[in-house]
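The structure under discussion appears below in the form of structure tokens.
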Amino acid sequence: MKAKTWVGIALAIFCTFLIVVYFMGFIVYKNTTDTQTLQAITNKNNTLQVVASTPEPVQTETSNTTLSSTQNQLPPTQVTPTPTPTTIPVCVNCGRRSRAS
Amino acid sequence: MVNILRKRGTAIILMLCIITFIIWAMIEPIALRFSDYASSTHSLGQITGLIGMVLFAWTFVLSSRAKWVEDSFDGLDKMYKAHHMIGSLAFVLILFHPILLVVKFIPSDWNLAATYLWPSGSWAVNFGIVALLLMIFLLVLTFYIRMKYEKWRISHQMLGVAYVLAIIHIFMVTTDISRSIPLKVWMIIICLIGLIAHLQVSYLKLGKRFEYTVYSVETNNKFTTIILRPKGNAMKFKSGQFAYIKFNKRGFEERHPFTIAVKQEDKIGFVIKNLGDYTSHVSELESGVTADVEGPYGRFDYTQANKDQIWIAGGIGITPFLSFSNDIPKTKFKHNISLYYCAVNDSELVYWNELNKISETMKNFHVIPFCADKRGRISVDVLERESGILNKAFFICGPPPMMQSLKDALVKRGVKKEDIHREDFSFK
């Protein structure tokens, strides 16, 4: 076999290898980047939830979507405590209210 | 290939590769180097790179036309064949070097594999990548693109740049060379030899040079005969040898090899077939033009075989036999010689009358014209029938396919390989 032929074969192997490696490398890189982006978004959401100090975040089936994350960010309802009524003792004989108990 | 392996020069190259391997193997136990998939591919990548580099360096030595190199390959034509072969092998090994280094990451980490072969912040690796890409580009030009000689020469010279970048790469990158002083010293020696040879080939003078002037130029449509006269010392040579000539005239500055076909006292003559872009213009040379003659080169010598001989010339391959036939009366060669002069037709039989005259005066010398338009292509059957082939030495010069097919056929018929001598003119 001529040198020209086996050099051609080696070049073809080299080029095919490069194409495969770069192609697979690109696919893996793309997947990794997508995952990292989503991970970053999720992390951001969790941080916001912590800042909001809501009681327990409502777990929804689609908690990884932006919409549900927004729902989770609703401010908690402010509950005003009902004042406890003060009881004044009444005189059992005359029925008048007495400060002294 | 088999022929090349027989030469002393090939033994030297093999020895260089073995020494490199031994030094490399001594740095770390082989068992450890090939203990698992990752380390095995990494080690293979390293050794292909190292041996590829040694061979790359030696290709420059093989183009240096140094006398000791020519001697070790038994002629410049064989030396250039080895240069071609070793250069190709070096290229293939260097191509596989990054592949094997990267294969270890596959399939576990495609991302790392891809980034490994991509330029990065590491200059050591970047030099290697650029060297490899430049080498690929220049060798694709050499192997697959037909170029004019001058452009081809420049592209081949540029391989020196790829070589220098590769040297920077191997000494900068953190690997066995940086860890082991013996390997570092060995590679420095090899790389320096290659570098010196490259500088000599590209920028310094090669071989002995003689100054001649054009004495006469005769031409017909197909052939041109140029006779040169020495200005100072005449070049001493043996019949059948060749020289590189450069004419000091615009358009003729390229150095080309031609067989010294004619010898007239101290004058020398070259018979040139009007074939290529250079040779078809040599008839435009005129007397008085100075010529730089470098040589002599070649080991094609009929006196080395002390037995009856068959000479086979194809076309312009007659030139060394013209020189031989003029030499026969002087050497008083006693054995019988049959010269088969193969050509397309009668008009291609250059110097036919001169050969016939010698044949008439010498009883042991016979010239047989073999024109393709009348007798077809020459074959071993014809040689066997007309002259007999056993216990004879064969000297063949002509187109490479013709020489190869005749050689193969002769070997098949029982002729010993050492009895077949050929002169290759297909080198640049």
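The values are calculated or read from the model by the stated rules, or taken from the named source; none is laboratory data. Quick caveat: nothing in here was measured; it's all calculated off a predicted structure. Every residue, glycine as well, gets a Cβ built from its backbone with ideal geometry; the counts of neighbours run over all protein chains shown.
Annotation note: Cβ proximity below 6 Å between a residue of the stretch A:9-20 that is within 9 Å of another protein chain (Cβ to nearest Cβ) and a residue that is of a type outside the set (S, T, N, Q) (sequence gap 6+ or interchain) occurs for A:A10/B:V92; A:A10/B:L95; A:F14/B:L95; A:F17/B:I99.
From the list B:E386, B:E418, the one residue that fits, being surrounded by fewer than 16 Cβ atoms within 10 Å (Cβ to Cβ) and more than 30 Å from the chain's Cα centre (by Cα), is B:E386. Taking (1) within 21 Å of the chain's Cα centre (by Cα); (2) at pLDDT below 90; (3) under 21 Å from B:I188 (Cα atoms) in turn, B:F60 satisfies each apart from (2).
The residues of the stretch B:117-163 that are under 20 Å from A:F14 (Cβ atoms), not hydrophobic (A, V, I, L, M, F, W, C) and not in a helix (DSSP H, G or I), listed by number, are B:P119, B:S120. B:E265 falls short on exactly one of the conditions (1) closer than 19 Å to B:H366 by Cβ; (2) surrounded by fewer than 17 Cβ atoms within 10 Å (Cβ to Cβ), and that condition is (1). Out of the residues in the stretch B:116-126 that are touching a helix residue (DSSP H, G or I) at 6+ places or on another chain (Cβ under 6 Å) and more than 10 Å from chain A (Cβ to nearest Cβ), which is surrounded by the fewest Cβ atoms within 10 Å (Cβ to Cβ)? The residue in question is B:P119. Of the strands (runs of 3 or more DSSP E) lying entirely inside the stretch B:247-351, the ones with 3 or more residues being over 23 Å from B:D74 (Cα atoms) and of a type outside the set (A, V, I, L, M, F, W, C) are found at B:267-273, B:337-343. Annotation: B:A113 fulfils all but one of (1) modelled with pLDDT of 90 or more; (2) buried (at least 21 other Cβ atoms within 10 Å of the Cβ); (3) farther than 22 Å from B:Q200 by Cβ; (4) not hydroxyl-bearing (S, T, Y); the unmet one is (1). Of the residues that sit in the stretch B:34-51 and are at pLDDT 90 or above, out of contact with any His (no Cβ under 6 Å at 6 or more places or on another chain) and not polar (S, T, N, Q), which one is surrounded by the fewest Cβ atoms within 10 Å (Cβ to Cβ)? Checking each candidate, the answer is B:F34. Against the conditions (1) at the interface with another protein chain (Cβ under 8 Å from one of its Cβ atoms); (2) surrounded by 19 or more Cβ atoms within 10 Å (Cβ to Cβ), B:L93 satisfies every one except (1). On the stretch given as the stretch B:55-90, residues that are within 11 Å of another protein chain (Cβ to nearest Cβ) and of a type in the set (K, R) total 1. In the set (1) at pLDDT 90 or above; (2) more than 22 Å from the chain's Cα centre (by Cα); (3) charged (D, E, K, R); (4) more than 21 Å from B:F321 (Cβ to Cβ), the condition left unmet by B:K236 is number (4). The condition (being exposed (fewer than 14 other Cβ atoms within 10 Å of the Cβ), modelled with pLDDT of 85 or more and within 14 Å of another protein chain (Cβ to nearest Cβ)) is satisfied by just one residue among B:I129, B:I145: B:I145.
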